[in-house]
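For reference, the structure discussed in these notes is given below.
Bear in mind that the values in this text are calculations on the coordinates, not laboratory data. All values reported here derive from a predicted model rather than from experimental measurement. Note that we place each Cβ from the backbone using ideal geometry, even for glycine, and neighbour counts take in every protein chain shown.
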Amino acid sequence: MADWVGSCDRVLEVDLSRRTSKVFHISSEDRRRYLGGKGLALRFFAERIRPGIDPLGQDNVLAVFTGVVLASGAPCSARFSAVTQSPLTGLTASSSCGGPFGIALKTAGYEGLILTGRCSEPTLLEIDDTGARFLEASHLWGRDTQDTQEALDLSAKDGALVIGPAGENLVLFANIASGHRFLGRGGFGAVLGSKKLKAVVARGGAWRYLPADPQGFEKACRRATAYIHRNRFTGNLYRNAGTASHVDLCNAGGILPIRNFQDGCDPQASQISGWTMRERFGAKPSTCRPCTILCGHRGVFSDQKTRQLPEYETVGLLGTNLGVFDPDLVALWNEQCGRLGLDTISCGGVLAYVMEASEKGLISSRLRFGSPHGVSEAIDAIASREGLGDDMAQGVRRLSEKYGGASFAIHVKGLELPAYDPRGSWGQGLAYAVANRGGCHLSATLFPLEVFLGFLKPRTPKAKAHFVRFFESLYAAINSLPTCLFTTYAYLLEAPIARLTPKPILAWTMQNLPAVALRLMDLRVFTRLFETVYGEKLSPRELLRAGDRIIVLERLLNVREGVRRADDTLPERILAESRPCDSGASKPTKNLWHRLARLGCPEPETSGENPPLLALDPMLDAYYGLRGYTRNGIPTKKTLRRLKIPLGLQEVSAVAPRRAVREPLIVRVFFAVLGRALQSASRIDHVFRQELAPWPEGFTVLFKVLPFGPRMALRVEGGKRLRYLGDTLSEREADLTIGFKNMETATRMLTARLSTVDGFAQNRLSVVGDLGAAMRLTRLLDRIQSLLYPEWIAKRVVKRVPMIPTAEKIWKRAWLYLVGIPLGV
Amino acid sequence: MMPSYFEFHCPVKIVSGFKALENLPYELKRLGASRPLLITDLGVSQAGLLHVVTAALQDSEVLIGAVYDQVPADSSMTVVQEGASAYRQGGCDSFVALGGGSVIDTAKAVNILVSQGGDDLLQFSGADRIQGPLRPLIVIPTTAGTGSEVTSVAVIANRQKRVKMAFASSHLYPDVAILDPRMTVSLPAKLTAATAMDALTHAVEAFISVQKNPLSDAYAATAVRLIMENLPAVLQDGSRAQGRLALADAACCAGIAFSNAMVGMVHALGHAAGALCRIHHGTAMNIFLPHGLEYNLGRRRQAIGELLLPLAGSEVYAETPAAVRAEKTIETLRRFQDEVQKLSGLPTRLRDADVPQSMLESIARTALDDGALLFNPEDMTFEEALYVLHKAY
Ligand code: SF4
Ligand SMILES: [Fe+2]
């Protein structure tokens, strides 16, 4: 037994084709920039991967990294990370897991393990402090994940990564098990299967790790533990009812997927919630080790067998989303998936798609919503890739390419969506859309803020980009420390500043001044844990910057695979359809306080029946801006330089255009002025009233600079008044879109250097929609310009300046400039 | 006058002249099509024109997948849906449209449905709502007027909503237009006159449009000249193939001109009158054209004056002092219209076209919302529109 302070800084790289291995050291520069865990795994993965490789071929690389905080004894410090090229999405995938492998690997003397090449025969890789050994594994081939681990003869200090039949058969969403925890999403199991590695065993316990500053470390741990105990989520909900306690919250918030995301809540949901399961089956902790939150549980089910209680995602995707509300069944299927080595989220997504496609007659199968018949058989068929199971093993995207039904293929970039419907949580929608591994809720989680805690309004694009960016970076950093993401609830919300500020003030600041709110977040628990273990300073700023770096590097790898803005989108159903549960959405009360708070921040009204469609584009624009990407979603050179991202990858951005800053800003300002002026004029001007009389109520006009904004929308409301909606609307809601073909045109027209007439005449505008409506709109534009501009300017931009009595002109102009535009009334 | 900026686009291949139709199989093959749906109307098929087309296809690789000949003079959503199901049942891969504006517009609309999928035409109505290229479309106009063979728009009536739906998209340009004199010989004199006056209006309005540009001007002037030179002769003797062909070419030129320099108030008024009083489009054009010129005299004096050259020929043009050319243009036009009226009976006043005076107000109101007004040089208010209508009455 030997001791290390902090970390050993050693990485074991194994070439499976040549059966060789070597050890190299992590430089202090890499440590500072990427921290450990996910960050370092990604960094070394990026260095070794070439674009366009076959994820199931020999060129794929699998990097598994632990990190500084892991095995230190801090709360929730068993989570290790892995990075590979996902066969499901074709993009970079990362995953985190709290099984025993992490601590075993680190105490065997390696902070990371990199696997390249592939074996020719089923192989078992055994790792200890002396190096790596290749063992024959054909006797394990075909066994499920739990059997295999039992057969491996693991001591308490050992840990293994194993795949089940699904991984062996290259099911694209097969996972890797370690204990009863999983590297779940993105098909890590298939990658290991393609390398013919049945298992990787780390024989740990050779080394021990001591913190660099034992007293400081103790103090940090004490504080962390206290926060965790005090927090409602970590200390109560998760500890007692697991993540499945989300069921009730999501059901109430209308984000619980029902029948392939056709609805967002269901009266039967409580039958399957974490609390009900706890009551019915008991809940003994069964968790990652060590852990202070204890979110995992086991229970005794109706057939008197002990099983893991399903997590929320599993309950959602294998339960409610299939129309099944029986926890016994879900637990059974959960166990089945676990043993076969299948990701329950993707598996559930695939089942739901097949159920809907069968109901619509696109696929012939007997799977139907609400019925358990054939589900278990289908799961087996997926793992063994028999019959339809062979197609189902390819995931929802490929299924819909083969059988049709793209509109209800619920995935982003090929990764099936987790169980939070973004239509009731727009920020989560943005998080899904931009997550580097595809539809993933662990890249940034906004639903707690939007739905559980009420800090952010769920159905507005405002402030969402700030939070998505923040959580992405924070989570990437947390996965690189590493510790469990769930500690975020406790460490952020229980820090004095968040705890002592009255909630309405906190919420208002978050919603309206997100940059300020985020700057005030206290991240010191995270940084102190790292500092005291490793003995080097880490400021909260550096922590987030490391997170930024990781996210941008990951994005860059995806950009190299062809990912652009068009890929940062959501399933058609999410963007275009509204759900039965939406129609009951109550109108928010509009008291003076709300009106004041809303001043200057336009928002679509929940107009009667249907709530607004998810407005992804404004959030994407803001997000790209914050991240330093072009409007097409490519990291700019400047961003890469600022974050010191390795040079070799910059080839992608060699062609990336730069990001314009000044002109879009001008256009946005003028859009706001014009929009508010039109809104205001529709209330005070009789010509406007006359003109608007025949317009249908709810008619929406969108002004947009092609291709990616800025945008501005106006809607005809009750009383035939115009309402300025700014950039808060889904482009799909526009009945008439006036597109400026480029930024130059927009600036010139808005600054009265190009007239409306010429804009149309010279084809500088693209009109989508009814031309008659465009004609009516130009009359309003002419009128507003005559009201706003002095005659000598107005003459240049409208065909004929109307005669307006001087007195009327003066008071209207004064009203517009002094009241209408600044106050938005 | 040079515009500071303009765009010009016409991707249609034009095959014009003696026995042009015999090229149909070659053109279909070039477009990779072998099983067209033939769209036409009963009038055309009764006139025996269909046989000319089928004869052109004999001994070729082309099989006619289906024939749909039920297009009325005023196409509607149901017609389009019928056409689409004929296309689908016949396993077709392309279109040949044989007929006037209504047939061509129907073919374009059916093409939208079958290429974009679905049954809901409404979702594609308006400008630029169509994504991606459509199936090959070859048009063979049997009237010489609308210019649909070279335009990117289609108009279809929506009976339920009692409106005309316009579709505009650069994907709507036909691939080939075949102008064959055999196709227009049978047109009666009055209709010949009306369609020619429509073409003339296209050319004239394009020439004074806010979008006018050197290229559109060239097409417009050519169209004007061809019509002035050939219309009276054709009206006297409808069997003149050369004159017929010249009118077809003129309509085509005018179509190209106004696709790139949009028409203005004359069309706005004409569309409104047509929709409300079912007055023939060409007749309406004939009635409103001189008034449109007078109305725009203030802003387009020079352009209108330049029109004198193609309208009256170089001698008259040279004799007329520059300052009064615009007035001379309008005068020449009026005289020409009188001549046409004598030859064909085409009315020049609204009262002669069965338009009740009580309708003028609603015509004016409807015209104000017509997209074409955007491209008229001069602005127009309700009162002004009404004034023009009264003058034309
Ligand atoms: S809270 Fe749950 S996920 Fe996190 S470390 Fe503990 S058991 Fe694992
Ligand atoms: Fe016309």
**Asked** Amide H neighbours of A:Asp158 under 5 Å, counting only residues 5+ apart in sequence or on other chains, H built in-plane at 1.01 Å?
**Response** A:Gly204
**Request:** Name the aspartates and glutamates eligible as straight-distance cross-link partners of A:Lys196: C-alpha to C-alpha under 12 Å, and not fewer than 8 places from it in the same chain.
**Result:** A:Glu121, A:Glu136, A:Glu168
**Complete:** Once Lys and Arg are counted +1 and Asp and Glu -1 for all other residues with Cβ under 14 Å from that of B:Leu360, the total becomes 0
**Asked** If one takes the longest principal axis of the Cα atoms in chain B, at what angle in degrees, from 0 to 90 and to the nearest 10, does the Cα axis of helix B:325-344 lie?
**Response** 50
**Fill in**
Of the residues A:Ile103, A:Cys119, A:Leu88, the Cα lying farthest along the dipole of segment A:1-152 towards its positive end, which is defined by charges on the beta carbon of Lys, Arg, Asp and Glu, belongs to A:Leu88
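Given the Cα-Cα distance of A:Glu401 and A:Arg18 and 0.36 nm per residue of separation, how much length would full extension add, in nm? Numbers along the way, then the final one.
On the way: separation 383, 0.36 × 383 = 137.88 nm, distance 3.80 nm.
Length difference between fully extended and current span is 134.1 nm.
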**Prompt:** segment B:246-281 to segment A:368-444: how many Å between their Cα centroids?
**Reply:** 53
**Prompt:** Can you list the aspartates and glutamates whose alpha carbon sits under 16 Å from that of A:Lys360, skipping same-chain ones fewer than 8 residues off?
**Reply:** A:Glu401
**Request:** Tally the DSSP beta bridges in segment A:662-823 and give the antiparallel ones as a percent, rounded to 5.
**Result:** 75
**Message:** If I model a spin label at A:Glu377 and A:Leu823 as a point 7 Å from the Cα along the Cα→Cβ vector, what separation in nanometres do I get?
**Reply:** 7.0
**Item:** Taking A:Cys76, B:Cys92 and counting other C-beta atoms within 10 Å, the order from fewest to most
**Value:** B:Cys92, A:Cys76
**Prompt:** For segment A:37-174, with only Lys/Arg (+1) and Asp/Glu (-1) charged at the beta-carbon, what is the dipole magnitude about the Cα centre, in debye rounded to 20?
**Reply:** 600
**Fill in**
For segment A:206-266 the chymotrypsin sites (Phe, Trp or Tyr not before Pro) that pass both the DSSP coil test and the at-most-14 other-Cβ-within-10 Å test are none
**Message:** Which of B:Ser170, B:Ser152, A:Ser425, A:Ser120 has the fewest other C-beta atoms within 10 Å, and how do the rest follow up to the most?
**Reply:** A:Ser120, B:Ser170, B:Ser152, A:Ser425
**Asked** Around B:Leu247, what is the net charge, scoring Lys/Arg as +1 and Asp/Glu as -1 over all other residues with Cβ under 15 Å from its Cβ?
**Response** -1
**Prompt:** Under 15 Å from the Cα of A:Lys106, which aspartates and glutamates turn up, not counting those fewer than eight places away in the same chain?
**Reply:** A:Asp3, A:Asp9, A:Glu13, A:Glu126, A:Asp128, A:Asp129, A:Asp158
**22 Å Cα-Cα threshold exceeded, pairs from A:Lys157/A:Lys198; B:Lys29/B:Lys108; A:Lys413/A:Lys638** = A:Lys413/A:Lys638
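Fewest first, what order do A:Phe281, A:Phe45 take by the number of other Cβ atoms within 10 Å?
With the sparsest Cβ surroundings first, the list reads A:Phe281, A:Phe45.
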**Message:** As I understand it, the dipole of the protein assembly as shown uses +1 on the Cβ of Lys and Arg and -1 on the Cβ of Asp and Glu, about the Cα centre. Which of A:Ser583, A:Gly299, A:Gly36 lies farthest toward its positive end?
**Reply:** A:Gly36
**Fill in**
When the charge dipole of the protein assembly as shown is computed with +1 at the Cβ of Lys and Arg and -1 at the Cβ of Asp and Glu, the Cα pointing farthest to the positive end, of B:Ala177, A:Asn436, B:Leu245, is that of A:Asn436
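Longer than 26 Å from Cα to Cα, which of A:Lys795/B:Lys164; A:Lys644/A:Lys704; A:Lys22/A:Lys195; A:Lys402/A:Lys741; A:Lys741/A:Lys799 are they? Say none if no pair is.
A:Lys795/B:Lys164; A:Lys644/A:Lys704; A:Lys402/A:Lys741
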**Request:** Could you tally the net charge around A:Arg397, taking each other residue with its Cβ under 12 Å from the Cβ of A:Arg397, Lys/Arg +1 and Asp/Glu -1?
**Result:** -1
**Request:** Within 10 Å of each Cβ in peptide A:764-772, how many partner chain Cβ atoms are there on average? Round it to a whole number, please.
**Result:** 6
